[in-house]
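Read the figures in this text as sums done on the coordinates, not as results from a lab. Remember, predicted model here, so these are calculated numbers, not experimental data. Using ideal geometry, Cβ is built from the backbone for each residue, glycine included, and neighbour counts are taken over all protein chains shown.
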Ligand SMILES: Nc1ncnc2c1ncn2[C@@H]1O[C@H](COP(=O)(O)OP(=O)(O)OP(=O)(O)O)[C@@H](O)[C@H]1O
Ligand SMILES: [Mg+2]
C-alpha cells in the first residue's frame, strides 16, 4: 500500500497537443506532477486551454508528443478503447453545466458510468448495492430523498451539479476531474457545493483536479497552479479579427 | 441496460418526429408488400383458374385472347368452332374429357355459359379441386340454370327462383324474357370466374335463339317453351372447349393436330404457356410498379437518416457526456444504428399489420371489381426477402448519422463548444 501511494495520480512530461484545423489552438506542457490525494486547483483565464488539458488527462484526446502517465499507466500505451475503459474506471468527471442526459431519471444518470466500468460497479455494489449507493450519495450531497425518479431536466442548475457529482463519485474512481463546476452557481451555492464535494472527496480519498478562472476558490485546495506557469500555448489568429 | 433505456427515453422525447418517420416507413412497407401481394395473388388466382386443363381450343386466334375469353371470361371471341369440328376433335382417342363452352349471353352483367354436365364433373381449379354444389343439382330440364356463388349471393338467388337471360353481354337491352329459367343449382365458391357465371345446357342456348336471326328477334315468331323442349336442337357452334387428355405426353401432338385441323382454322393453347405469355406482357408494368415502390422505400430510409442526423446537433452534448463516462465512439455510433433499426422494425411491423388489415377490407372489393381473389396468406418467402431488404436498408440508413456522431465525438473532445 505504501508503494501505491508513491505513484503519482498524474505525471506529464513534454506533452504537446494541437486541435485539428489549420490555425488551431496548440498547447505544450513542460512538466506536471500531481501526487495522489492532492486537491489541485488549476487557474487560468478563459481560452487558456484548461478544458483541453483535462481532455488530454482523461484520454479523450491524445497528445501528439510527450509522455502522459495516469496512476502509473502510460495512456499512449493504451488503444483508443483501452483509454475509454481506463477513463470510465478511474475518472469521475464534472462539467461546468449541462452534465446530465436530459431525458433520463436522476438515478439512471448517476448509475450510467457503471455501465462502462465493471470495477466501479463491483465497488458500488459492495458498498450497498448500486442503487443504494447512488441514493446514499444523492442524500449525502444534500438532495431530497425522492429526487431519484425525477427527470434530469426538471432540476435546478445547482441540483444538476450535485447529481453530476454523485455520478462522478459512484464506485469511487481514483481521480475526480471538475471543469469549473461552480461557475454556473451563485456565491452561496458555490460555497455549499464545494463543501459537499470536498467532504465526499475526503471520504473516498480521491485525487481532485479542478480547473477554474476564479482564484477565490484557492483556499479550499492543497495546491494551486497557475496554468500560465506550466503551459505554453499558441494560436495563430486567422487574419486580423 | 441503462444506456438502452436512456436512448429509448431520448426517442420518446422526440415522439412526434419519430412517429412520423415510422409512419413513412410503414407506408412504404405497405406499398411494396401490397404490390407484391397483388402481383402474386393475381398470378395465383389466374393459375388456379386453369388448373387441370391440358388444352383450350377455339377458333384461330392468339393464345392469350383465347385463354382470356374462354377461361377468364374477359373479352369476346371473334369466331366460333362448329359443333361438327368439336365433335370430331373430342372423339379422338387421346381425349379423356372435354367441356364445350358457348358464350354470348348474359344475365344482369354476369355471363351465361352454355355447356354440358361435364363442366361440373371435370372443370378443375386451385390444385385440382372440382366444382361442388352449395345447393341443388346440375341442369336437367331445358330451362334449368346453375349459378355461380357470386351470382347467387349478389343477386340473392336461391333454388327455384326464375330468371331471364339477356341477349349479348349488356345488362339491359333486348332479352329472352319470354323464356324464363329456373335456378336448379348453386355452385360453391371457387374464387375463379366460375363464381360469376350462369350455366345452362347447350340446347338451352339454341332454344332461346330459335326466334332470333342475326342478333334481332324475328317479328311475330314466338315459340313456346314446351314446344322448344320437344324440338331436337343440336348446337350449331360453340365458342371454345376445355380439354383434358389421358396423358400429358400427348399434349404436344394433340395441339399440333388441332392447329393443323383442315376443316376450319382452329387454335389449341396450353393454358400455362399462354399465361406465361401474358405475364411476360405485364412484367414490365409489374417491374415498374415494384420499382416505384422500392423508390418510396428508399425515400423513407433517407427520411429516417435525415431525421436522426438532424437530432445530432442537439445531442452533441449528450454524446460528449457519454464519451466522458467512458463510452466508446463506436458505442455512441451503435446507439444511432440501434435507433434506426428500432424505427425500421417498428415501421415494418406496423406496415405489415396495416397491409393485412387493408387486404381483409379490400379483398371482396378487388374480387368484385377485377375478379381476382387475392388470397390472404402469411408472408411468403418473397415477402420475407423484401422485408429483410427493408430492414437492411434501415440499418444502413443509421450508419450515416452514426459515422457523423463518431467523427463528432472524436473531434469534440470532452467539452462541447457552444
Ligand atoms: N474541439 C475543439 N476543436 C478545435 N479547437 C478547440 C476545441 N476545443 C477547444 N478548442 C480551442 O482550444 C482553445 C482552448 O479552449 P479550452 O476550451 O481548452 O479553453 P478553456 O481554458 O477551457 O476556456 P473556458 O474557460 O472558456 O472554458 C480555444 O481557442 C478553442 O477554440
Ligand atoms: Mg473550459
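By the gyration tensor of its Cα atoms, with a ≥ b ≥ c the square roots of the eigenvalues, what is the shape of region A:69-138: rounded for a/c under 1.5, prolate for a/b over b/c, or oblate?
On the way: a/c = 2.37, a/b = 1.49, b/c = 1.59.
Oblate shape, in that a/c is at least 1.5 and b/c is the bigger or equal ratio.
Where both partners of a DSSP beta bridge lie in chain A, what percent of those bridges are antiparallel, to the nearest 5? Spell out each step's value before the answer.
Numbers: 20 of 38 bridges.
Bridges in chain A are about 55 percent antiparallel.
With just the Cα atoms defining each centre, how far is region A:180-241 from region B:335-349? Give it in Å.
43 Å
Run the numbers on region B:55-269 and let me know its relative contact order in percent, using alpha-carbon pairs under 8 Å that are six or more apart.
On the way: 430 pairs, mean separation 71.6, N = 215.
Averaging sequence separation for qualifying contacts and normalising by length gives 33 percent for region B:55-269.
Quick one: compute the contact order of chain A, relative version, from alpha carbon pairs under 8 angstrom and 6+ residues apart, as a percent.
31 percent
With a 10 Å Cβ neighbour count serving as the proxy for reagent exposure, in which order, fewest first, do A:216, A:83, A:151 appear?
Working: A:216 9, A:83 22, A:151 17.
Listing A:216, A:83, A:151 from fewest to most nearby Cβ atoms yields A:216, A:151, A:83.
Calculate the mean, over all residues of peptide A:99-110, of how many other protein chain Cβ atoms lie within 10 angstrom of the residue's Cβ. Don't skip to the answer; put the middle values down first.
Values: counts 3, 3, 12, 9, 11, 9, 4, 0, 1, 6, 4, 1.
Mean shielding by partner chains, rounded to a whole number: 5.
Between residue B:222 and residue B:299, what length comes free when the chain is fully extended (0.36 nm per residue of separation minus the Cα-Cα distance, one decimal in nm)? Mind dumping the intermediate values first?
On the way: separation 77, 0.36 × 77 = 27.72 nm, distance 6.82 nm.
Extending this stretch completely gives an extra 20.9 nm.
Where does each of B:30, B:278, A:210 land when they are ranked from fewest to most other beta-carbon atoms within 10 angstrom? Don't skip to the end; give the middle numbers.
Numbers: B:30 23, B:278 17, A:210 26.
Fewest-to-most ranking of B:30, B:278, A:210: B:278, B:30, A:210.
Compute the separation of the alpha-carbon centres of region B:1-18 and region B:29-91 and state it in Å as a whole number.
Answer, in whole Å: 55.
Can you give the % of DSSP beta bridges in the protein assembly as shown that are antiparallel, to the nearest 5?
Details: 54 of 81 bridges.
Percent antiparallel among DSSP bridges in the protein assembly as shown is about 65.
Taking the alpha-carbon centroid of each part, what is the distance from region A:63-87 to region A:122-165 in angstrom?
Measuring centre to centre over Cα atoms gives 30 Å.
Residues of region B:74-109 with backbone nitrogen within less than 20 Å of a virtual label 7 Å along the Cα-to-Cβ line of residue B:256, please, listed as ranges.
The answer is B:89-96, whose backbone nitrogens lie closer than 20 Å to the label point.
For B:15, B:97, which order do you get if you count the other beta carbons within 10 Å of each Cβ and list the fewest first? Display every interim value, and only then the final one.
Working: B:15 10, B:97 17.
Starting with the residue having the fewest Cβ neighbours, the order is B:15, B:97.
For the protein assembly as shown, what does the equivalent ellipsoid look like in terms of its semi-axes, each the square root of 5 times an eigenvalue of the Cα gyration tensor, given largest first in whole Å?
Those come to 89, 24, 19 Å.
For chain B, what is the convex hull volume of its Cα atoms per residue in Å³?
Values: hull volume 74.2 nm³, N = 418.
Output value, Cα hull per residue: 177 Å³.
Helix B:2-13 sits at what angle to the longest principal axis of chain B, using alpha carbons and giving 0 to 90 degrees rounded to 10?
Its long axis makes an angle of about 70 degrees.
Let's test the formula: R0 of 51 Å, r as the Cβ-Cβ distance of residue B:349 and residue B:189. What FRET efficiency results, to the nearest 0.05? Display every interim value, and only then the final one.
Working: r = 32 Å, r/R0 = 0.63.
In this case the efficiency is close to 0.95.
Sort region A:125-182 into rounded, prolate or oblate with this rule: let a ≥ b ≥ c be the square roots of the eigenvalues of the Cα gyration tensor; rounded if a/c is under 1.5, and if a/c is not under 1.5, prolate when a/b is larger than b/c, oblate otherwise.
On the way: a/c = 2.26, a/b = 1.09, b/c = 2.07.
Since a/c reaches 1.5 but b/c is at least a/b, the shape of region A:125-182 is classed as oblate.
Would you compute, from DSSP H runs of 4+ residues alone, the mean residue ellipticity of chain B at 222 nm, taking -39500 (n - 2.57) per run and dividing by the full residue count, rounded to the nearest 500? All intermediate terms of the calculation are to be shown ahead of the outcome.
Numbers: 13 runs with 219 residues, N = 418.
Estimated from H runs of four or more residues: -17500 deg cm²/dmol.
Go ahead and estimate [θ] at 222 nm for chain A from helices alone: -39,500 (n - 2.57) per DSSP H run with n ≥ 4, summed, over the residue count, rounded to 500.
Values: 9 runs with 85 residues, N = 241.
When only DSSP H runs of four or more count, the value is -10000 deg cm²/dmol.
Where both residues lie in chain B, what percent of DSSP beta bridges are antiparallel, nearest 5?
Details: 34 of 43 bridges.
Of all bridge pairs located within chain B, approximately 80 percent are antiparallel.
Evaluate the Kirkwood expression for the hydrodynamic radius of region B:55-269, namely the inverse of the mean inverse distance over all pairs of different C-alpha atoms, and round to one decimal in Å.
On the way: mean 1/r = 0.0565 Å⁻¹.
Computed over region B:55-269, the radius equals 17.7 Å.
Can you compute the modelled spin-label distance between residue A:136 and residue A:191, with each label point 7 Å from Cα toward Cβ, in nm?
3.0 nm
Can you tell me the 0 to 90 degree angle between the C-alpha axis of helix A:80-90 and the longest principal axis of chain A, rounded to 10?
For A:80-90 against chain A, the angle is about 50 degrees.
Given Cα pairs under 8 Å that are at least 6 residues apart, what percent is the relative contact order of chain B? Mind showing how you got there, number by number?
On the way: 681 pairs, mean separation 105.3, N = 418.
Relative contact order here is 25 percent.
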